[in-house]
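J.: Submitted below is the structure of interest, expressed as structure tokens.
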Amino acid sequence: MLLNRRTLLTGVAASVVNPAVSWAAQDASLLTPRPASVQLLPVEYPKSDLWLFGDTTPGPEIRVRQGDRVVQQLTNQLPQATSIHWHGIRIANAMDGVPGLTQEPVAPGESFDYDFVVPDAGTYWYHSHNQSTEQVARGLYGPLIVEETDAPDVDAEHVLVLDDWLLEASGQLFGDFGSRHERSHAGRVGNYITTNGMNAYGVDAKRHQRLRLRLINASNARIFELGLQGLDGWIVALDGMPLQEPERVQRGFLLAPAQRVDLVVDVTAEVGNEAYLVRFEDGQSLAQTAFTVSDTHATVRRNPVAALPPNPTTQIVSLDGATKTRLIMEGGAMGRLRSAMFEGEQKSFRQLVKLNQFWAFNGEIGLTEDPLVTVDAGETVELDIVNDTSFPHGMHLHGQHFQEVLQDGSLGPLRDTLLVFGGETRKIAFSASNPGDWLFHCHMLSHQDAGMKTWMRVRG
Ligand code: C2O
Ligand code: CU
């Protein structure tokens, strides 16, 4: 076994092989966003000019233990102001990285010190939260992995960051990040799909190995439809939070922008074959990530997959006495929005189109002076989400996870991003345990930019 920095610092089992760069929490200057050229397209094509953290795509993996402190200085070497949001972390509000709500944007040449504790284990990610339609599309994101103190027994682990890029044959990104069509339809959907920055991403595996796969959808707007081939798998966590019971992957599952899925998979493909994380697209199954089965790890399969240890996050005990509110989503192409409030004035849809604004929450476009709801810490919030539009929206709540209140009244798993299809009404609830001003927005980033955001206040 080769001792490296990571095994020394974190004591991770020697059999854990991770192709991504891993860093200890002590390296506090990993996240210097700046322009960098990267070979995204196959080698016969030119490189792509991106904006990256640490000159890599995805950005440097930050890997810590549950309860650790993360200290990172953002030094902005971009031509635009920026900020970092630590997606899914139950964080102190001042560290949440939302310009206009929790901090000032960090101007070019300036820096900002992020310093917070990670209370929950799981798969998270960080990304720019300023002009994010452009900055995330240019590559400003990376994985944030919080290991369990009592991690599950697996033979190897892979962090798989999925993205799609909107590229020209020159290798350059399509430069119109404010496209009217993208903003009013399904968002900026790319034409070049990658895992960990590579179109044909593959890793080695052995038959009957048990792997942990941490999937992160870093795309602006693509809803990935995924499945397994030559792998027998269970979903063990959603958006970082462990499921009470692992759920066997039957046909497939969806991964909306910003969502994460943790899988435990057993390699069942024969030696000499490939197993795949597959992507279903236009009736085809395409290889998203390939696992080349080079050898046999064991002659027999392992025991059933156990649940991950639960996080200390506050689950809902009862909806009695909950503060109820409602979010009506309107607008977009093929929608019914006639008019809405924008910057303090009622505007007709025609006027809004000219302003490149398309979506309203409860008749308001963009952040309002007053929050959608104000509660005291410890209260429960119940929120109906009415999607009166023709498009799906991935709704993300900052600062705490919520649970969906299902048709039969039971509570779904803890999540931080919920995919709500056009025409659907869904109900979520959360126990407001984290004081602060928290953004609630669509993670199809062009939609967020074209109106789909609001906020909630939890008084400490
Ligand atoms: Cu992942 Cu408000 O964002
Ligand atoms: Cu949306």
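J.: Tell me, please, whether a residue that is hydroxyl-bearing (Ser, Thr, Tyr), touching a residue at least 40 places away in the same chain (Cβ under 8 Å) and closer than 30 Å to residue 151 by Cβ can be found in segment 90-106. Quick ask: steps written out before the conclusion?
T.: First, the residues of segment 90-106 that are hydroxyl-bearing (Ser, Thr, Tyr): 102.
If we keep only those that are touching a residue at least 40 places away in the same chain (Cβ under 8 Å) as well, we get 102.
If we keep only those that are closer than 30 Å to residue 151 by Cβ as well, we get none.
Among the residues of segment 90-106, not one is hydroxyl-bearing (Ser, Thr, Tyr), touching a residue at least 40 places away in the same chain (Cβ under 8 Å) and closer than 30 Å to residue 151 by Cβ, which makes the answer no.
J.: Is there a residue being in a loop (DSSP other than H, G, I, E, B), at pLDDT 95 or above, under 24 Å from residue 397 (Cβ atoms) and away from ligand 2 (no atom under 16 Å from the Cβ) anywhere in segment 43-57?
T.: no
J.: Output the residues belonging to segment 331-349 that are more than 16 Å from ligand 2 (Cβ to nearest atom), over 13 Å from residue 184 (Cβ atoms) and not in a strand (DSSP E or B).
T.: Here is the first cut: in segment 331-349, the residues more than 16 Å from ligand 2 (Cβ to nearest atom) are 338-339, 341-349.
With the extra rule that they be over 13 Å from residue 184 (Cβ atoms), the set shrinks to 338-339, 341-348.
338, 343, 344, listed by residue number.
J.: Cβ-Cβ distance below 8 Å, separation of 6 or more or different chains: which pairs start in segment 109-133 with a residue that is of a type in the set (A, V, I, L, M, F, W, C) and end on one that is part of a helix (DSSP H, G or I)?
T.: Every condition considered, the pairs that remain are 116/95.
J.: Which one of the conditions (1) aliphatic (A, V, I, L, M); (2) under 18 Å from the mean Cα position of the chain (by Cα); (3) crowded, with 22+ Cβ neighbours inside 10 Å does residue 40 fail to meet, given that it meets all the rest?
T.: (2)
J.: Name the one entry in 401, 396, 447, 441 that is under 20 Å from residue 254 (Cα atoms), crowded, with 23+ Cβ neighbours inside 10 Å, away from ligand 2 (no atom under 16 Å from the Cβ) and not aliphatic (A, V, I, L, M). Walk me through how you get there before you give the answer.
T.: Values: 396 fails: away from ligand 2 (no atom under 16 Å from the Cβ); 447 fails: away from ligand 2 (no atom under 16 Å from the Cβ); 441 fails: away from ligand 2 (no atom under 16 Å from the Cβ).
Going through 401, 396, 447, 441 in turn, just one is under 20 Å from residue 254 (Cα atoms), crowded, with 23+ Cβ neighbours inside 10 Å, away from ligand 2 (no atom under 16 Å from the Cβ) and not aliphatic (A, V, I, L, M): 401.
J.: Which one of 107, 151, 94 is within 16 Å of ligand 1 (Cβ to nearest atom), on the phi < 0 side of the Ramachandran plot and not basic (Lys, Arg)?
T.: Values: 107 fails: within 16 Å of ligand 1 (Cβ to nearest atom); 151 fails: within 16 Å of ligand 1 (Cβ to nearest atom).
Exactly one of 107, 151, 94 is within 16 Å of ligand 1 (Cβ to nearest atom), on the phi < 0 side of the Ramachandran plot and not basic (Lys, Arg), namely 94.
J.: Quick one: which residue in 399, 394, 321 is within 28 Å of residue 84 (Cα to Cα) and not in a strand (DSSP E or B)? Before you say what the answer is, go through the steps one by one.
T.: Working: 394 fails: not in a strand (DSSP E or B); 321 fails: within 28 Å of residue 84 (Cα to Cα).
After applying the criteria, what remains is 399.
J.: Also, quick follow-up: Being part of a loop (DSSP other than H, G, I, E, B) and within 12 Å of ligand 1 (Cβ to nearest atom) is the filter; apply it to segment 415-446 and report the residue that is nearest to residue 332 (Cα to Cα). Quick ask: steps written out before the conclusion?
T.: Filtering segment 415-446 down to residues part of a loop (DSSP other than H, G, I, E, B) leaves 416, 421-424, 432-435, 443-444.
Filter again for within 12 Å of ligand 1 (Cβ to nearest atom), leaving 416, 443-444.
Details: 416: 24, 443: 15, 444: 13 Å.
Going through the qualifying residues, I end up with 444.
J.: Here's another thing I want to ask about it. Under the condition of being acidic (Asp, Glu) and under 25 Å from residue 126 (Cα atoms), which residue from segment 225-243 is surrounded by the fewest Cβ atoms within 10 Å (Cβ to Cβ)?
T.: Our first condition is that a residue be acidic (Asp, Glu); within segment 225-243, this holds for 225, 232, 239.
Imposing the further condition that a residue be under 25 Å from residue 126 (Cα atoms) reduces the set to 225, 239.
Working: 225: 15, 239: 23.
Going through the qualifying residues, I end up with 225.
J.: Test residue 384 against the stated conditions and say whether it is away from ligand 2 (no atom under 14 Å from the Cβ), in contact with a strand residue (DSSP E or B) (Cβ under 7 Å, 6 or more places away or on another chain) and either over 22 Å from residue 223 (Cα atoms) or part of a strand (DSSP E or B) (or both). Before the answer, list the steps.
T.: Values: away from ligand 2 (no atom under 14 Å from the Cβ): yes; in contact with a strand residue (DSSP E or B) (Cβ under 7 Å, 6 or more places away or on another chain): yes; either over 22 Å from residue 223 (Cα atoms) or part of a strand (DSSP E or B) (or both): yes.
Judged against the criteria, residue 384 is a match.
J.: Sticking with this structure for a sec: Looking only at residues in segment 176-206 that are farther than 30 Å from residue 331 by Cβ, of a type in the set (S, T, N, Q) and surrounded by 18 or more Cβ atoms within 10 Å (Cβ to Cβ), which one is farthest from ligand 2 (Cβ to nearest atom)?
T.: To start, the set of residues in segment 176-206 that are farther than 30 Å from residue 331 by Cβ comprises 194-206.
In the following step, the residues that additionally are of a type in the set (S, T, N, Q) were identified as 194-196, 199.
Now restrict to residues that are surrounded by 18 or more Cβ atoms within 10 Å (Cβ to Cβ): 194-196.
Values: 194: 22, 195: 24, 196: 26 Å.
Only one residue tops the list, namely 196.
J.: If you don't mind, another one. Whether any residue in segment 321-335 is free of Cβ contacts under 8 Å to residues at least 60 places away in the same chain, of a type in the set (Asp, Glu) and out of contact with any Gly (no Cβ under 9 Å at 6 or more places or on another chain) is what I want to check.
T.: Checked segment 321-335: no residue is free of Cβ contacts under 8 Å to residues at least 60 places away in the same chain, of a type in the set (Asp, Glu) and out of contact with any Gly (no Cβ under 9 Å at 6 or more places or on another chain).
The values are calculated or read from the model by the stated rules, or taken from the named source; none is laboratory data. The shown structure was predicted, so the numbers you read here are calculated from the model rather than taken from an experiment. Every residue, glycine among them, receives a Cβ derived from its backbone with ideal geometry; neighbour counts consider all protein chains shown.
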